[in-house]
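Chemist: Here it is: the structure, laid out below.
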Amino acid sequence: MIKRSTIDFILDNVPIDEVVKEYVTLHKRGNNLFGLCPFHNEKTPSFSVAPDKGIFKCFGCGESGNVITFLMKIEQLSYPEAIRTIAKKYQIPVDEDGSELDEEKDEKEKIFILNQIALEWFKAQLWSSEEGVDIALSYLHHRGISDYTIQKFNLGYGLNQRDAFRNHALKKGFTDEDLINAGLIIPDSLADRFRGRLIFPIFNVGGRVIAFGGRAIGNNKNIAKYVNSPETLIYTKSNIVYNLNNAKKNISQQDLCYITEGYMDVISLVQAGIDNVVASAGTSLTEVQIKTIHRFTNNVCLMYDADSAGIKASFRAIDMLLEEGLNVYLISFPEGEDPDSFTHKVSTTELIDYLETNKENFINFKSHHLIGDKTNDPIKKADAIRNILFSLSHISDPLIQAEYLVYISKNFDIDEFTLREEFQRILRDRLKKQLQNTYNYNPITDKPKKKLKNQKNLSSINNKINQQEKRILYILIHFGNRILTFIEKDEFNFDTQIDIPTWKYINQELKLDKIEFAFYKDLYELIIDQYQTFNNFNINNIISDLNPEEQDLMYDLLLDTFKLSENWEKKLKIEVNTIENNDLLYYYEVECSILEYKALILDKLKNETREKIKKTNNQEEQEKLLEEFAILKHLENQILKKISSRNLIR
């Protein structure tokens, strides 16, 4: 058993931020560091590291702990394994009393050990065996890969013999069951899985070998070109990003990740000096891989093959990357070229220059491949615009959407209003389809999973209060995290600047007021709960709880164009049409939406009280109602006073 003194030394001396930075890009905020949580999906950083305390905490999913438990969770290690891994990295001696059972018998750890043994054996065959040198090493040299790069990527070779590695592993005390569990031999035949193949080791983010890819060398069309390890206890194919263990630091520093399709693309690019490149080798780009990359950067650039399959894969990846909130760029290579082949035909300087000058946004990339030189074909142009708008619908930020719509309008010479109408139609269709696909829910035939409490007939509500509630909800959904800045007087009558997110300001202002309409009341509470828990609003987290009628109202809130009050032009004596890029108008709109709503509520309560006064003959009751009416009138005057005295930064 590992002695407590070793554990205490690690906790006291190993900087937790150094370990976490191997997996998460962190930014300083106050005394702590923040980044995207590696344990759950999020787009706004809620994962906090406190270096002075040696702990981490995610305010989104609740995961927390110290440097040892962080490594346990991120690498799926046992407690002793995590301690030994940290100790090895920081060259800390591990004191043990010898009473603990041999943890290498743990199945996961046994696979890690077997993979490491296999890696060393594959490398030895490449460099030392006559077969490896003549076939695999000469092949790599022919492909322009240097000895340094071969060693950097730990490339190897599996001898073209039925059970050469199996016999090597058995001599080391492992069993056929161990080898099958690790994916190194084929279950039925017990033959080596990677015999006669060039070996590409696959590492997890922490740098431990978890699987292998094997490429056939030669022109034998009867065998698969590539063979990968099957999924094991430590390897899930769709979760792993090739070369991220080497590239993560450079990706974070350069705030850009190049994504390719294959092992050789990555190896050739790294050899040429592009060290922030990874691949989704062995699988199409997956959501998990995208989320993993997002932990290190907000910017990605796809570099797929120039053939039809590569273009199709790029189109698919664009939408997935935009959905994750990443900024997406693409690079097209000359016809017949891929990143690997192109890299060997140009110098490093020429390659870097090509990547810089040919990097384009997804709109230009799609336009180039969908329209080409047929810009005068109206049908082709319309289809291309719809395709681009569909990709744009995967972006959740309304400001970015707005900027891209202006960009599309100018570049395609199409009316912006027409473009926005078509975009809203696509958004609505996507939301409905997402609801059906994600939750297996048919709005025509299925009942809602859950009814919101106090539900009424929504179609009958059209009064001013409900419209004002809708306005407030629209602001919350679309602009909840936008910062409001106020100037207020402190206790010494000095001006004090107060910065507060819109959602928090609205919640503070309305916490003493009740939103009358039942649907909007529940929806308001759901939205505020989203911001309080995740610091963001995500429609997917609540849409499954709404019935078809409620969904329509939600679509209205999501898709309606924000209409400013017609009074602003008269009051401010300027032309107004949007609050998206005008802070002054935005501040006025939020402030007055709240105050006007309160005024409507007070007016309603005053009318109700007035009616009660008329109907009662009880003098004591009348006096109470008159007192209540006076209070309501006083509150109304306070609101009017607040409207005139509130000082907003201009």
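FYI, it's all coordinate maths here, none of it is from the lab. What you see is a predicted model; the values in this text were computed from it and never measured. Glycine also receives a Cβ, built like all others from the backbone with ideal geometry; neighbour counts cover every protein chain displayed.
Chemist: With θ set to phi - 60° and the Karplus curve 6.51 cos²θ - 1.76 cosθ + 1.60, what are the ³J(HN,Hα) couplings of the stretch 38-46 in order, to the nearest whole Hz, using x for Gly and Pro?
Modeler: x, 9, 8, 7, 8, 10, 10, x, 10
Chemist: Using θ = phi - 60° and the Karplus curve 6.51 cos²θ - 1.76 cosθ + 1.60, what whole-Hz ³J(HN,Hα) does each residue of the stretch 292-306 get, with Gly and Pro shown as x?
Modeler: Residue by residue, the stretch 292-306 yields 5, 5, 4, 5, 10, 6, 9, 10, 10, 9, 7, 10, 9, 4, 7 Hz.
Chemist: Points 7 angstrom from Cα along the Cβ direction at residue 421 and residue 95: gap in nanometres?
Modeler: Modelled inter-label distance: 7.9 nm.
Chemist: Right, another one. Quick one: what do you get for the stretch 13-91 if you divide its Cα Rg by 2.2 N^0.38 Å?
Modeler: Compactness ratio reported: 1.04.
Chemist: Still on this structure, please answer the following. Pairs 110/171; 88/249; 606/633; 3/110; 248/345: which are spaced more than 18 Å apart, C-alpha to C-alpha?
Modeler: 88/249; 3/110; 248/345
Chemist: Then there's this: For residue 399 and residue 316 in one chain, what is 0.36 nm times their gap in residues minus the Cα-Cα distance, to one decimal in nm?
Modeler: 27.5 nm
Chemist: Could you check the simple spin-label distance between residue 299 and residue 18, using points 7 Å along Cα→Cβ, in nm with one decimal?
Modeler: 2.9
Chemist: Give me the number: length gained by fully extending residue 129 to residue 538, i.e. 0.36 nm times residue separation minus the C-alpha to C-alpha distance, one decimal in nm.
Modeler: Stretched fully, the residue 129-residue 538 segment lengthens by 141.5 nm.
Chemist: For residue 623 and residue 521, what is the calculated FRET efficiency with R₀ set at 41 Å and r taken between the beta-carbons, to the nearest 0.05?
Modeler: For R0 = 41 Å, the calculated efficiency reads 0.80.
Chemist: Could you pull out every residue, at least 5 positions away or on a different chain, whose amide H is within less than 5 Å of the one on residue 228? Hs are placed 1.01 Å off N in the peptide plane, and Pro or chain starts have none.
Modeler: Those qualifying (amide H under 5 Å, at least 5 residues apart or on another chain) are 214.
Chemist: What distance in nm lies between label points placed 7 Å from Cα along the C-beta direction at residue 160 and residue 335?
Modeler: Simple spin-label model gives 3.6 nm for this pair.
Chemist: Estimate the FRET efficiency between residue 604 and residue 483 by the formula 1/(1 + (r/R0)^6), using the beta-carbon distance for r and 41 Å for R0, to the nearest 0.05.
Modeler: 0.80
Chemist: Then there's this: Which whole-percent values make up P(r) of the stretch 238-364 when all C-alpha to C-alpha distances are grouped in 10 Å steps starting at zero?
Modeler: Using 10 Å bins, I get a P(r) of 14, 51, 33, 2 for the stretch 238-364.
Chemist: Could I ask something else about it? Quick check for me: using +1 on Lys/Arg Cβ and -1 on Asp/Glu Cβ, what's the dipole size of the stretch 238-364 about its Cα centre, in debye to the nearest 20?
Modeler: It comes to approximately 460 debye.
Chemist: Moving to a separate point now. How much length would be gained if the chain were fully extended between residue 29 and residue 346, taking 0.36 nm per residue of separation minus their Cα-Cα distance, in nm to one decimal?
Modeler: Separation in residues times 0.36 nm, less the Cα-Cα distance, equals 109.8 nm.
Chemist: What residues have an amide H closer than 5 Å to that of residue 257, excluding those fewer than 5 places away on the same chain, when H is modeled at 1.01 Å from N in the peptide plane?
Modeler: 299, 300, 301
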